[in-house]
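Q: Before I ask anything, here is the structure I am working with.
Where a number appears in this text, it was derived from the coordinates with a stated rule and is not lab data. Source: prediction; values computed, not measured.
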Amino acid sequence: MLRLIGSGFVLAVFLAGCVTNGKDFPSDLQWIQKEQTRKDEVKMLLGDPYSVGNSGGKSTWTYGFYRYKLFGKSYTKELKFYWNPDGTVETFSFNSSFPTDTGQKRKGPVPSK
């Protein structure tokens with residue numbers, strides 16, 4: 001029975017060809033202000049973080065959106081907050097491989113010359 005369920009899941013993933021993990025979030029980060037934006041504001045706008053951690057003694061929150069494809073390119077997007085002890089943003093980092101964020105507006109193969 002478990003093999004049948006497992007096989008069905010693998011088949012569904014294969015047919016779908018795409019698996020997403022995390023929750024998409026806006027790439028416009030102008031609302032984030034160092035030393036001013038607070039944890040409760042971030043949580044209100046983005047929800048619960050995908051993961052929490054510690055970096056060099058600093059509390060961190062990571063928001064992630066991951067789209068994996070069986071065929072073709074997979075994409076990732078992460079926003080990481082590094083918090084001051086008072087609950088304000090010390091600094092943050094944003095990384096994305098999505099074409100809308102990297103400026104790669106192409107939707108198909110590059111035409112040959």
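Q: Determine ³J(HN,Hα), in whole Hz, for all residues of region 45-62 in sequence, where each value follows from phi through the Karplus function 6.51 cos²θ - 1.76 cosθ + 1.60 and θ = phi - 60°; x replaces Gly and Pro.
A: My calculation for region 45-62 gives 7, 10, x, 5, x, 5, 8, 10, x, 9, 10, x, x, 9, 5, 10, 10, 10 Hz in order.
Q: Here's something else I'd like to know. Out of residues 5 or more away from T37 or on other chains, whose amide H comes under 5 Å of its own, with H placed 1.01 Å from N in the peptide plane?
A: Placed amide hydrogens put V89 under 5 Å from T37.
Q: Over 24 Å between Cα atoms: which of K39/K73; K34/K80; K43/K80; K23/K69 fall into that group?
A: Working: K39/K73 33 Å; K34/K80 13 Å; K43/K80 13 Å; K23/K69 16 Å.
Listed pairs above 24 Å: K39/K73.
Q: Let me ask something additional. May I ask you to list the aspartates and glutamates whose Cα is less than 20 Å away from that of K77, ignoring any residue fewer than eight positions away on the same chain?
A: The reachable aspartates and glutamates, counting only those whose Cα sits under 20 Å from K77, are D24, D28, D48, D101.
Q: So, one more: List the residues whose amide H sits under 5 Å from the amide H of F98, counting only those 5 or more places along or on another chain, with H placed 1.01 Å from N in the peptide plane.
A: Answer set, sorted by chain and number: T76.
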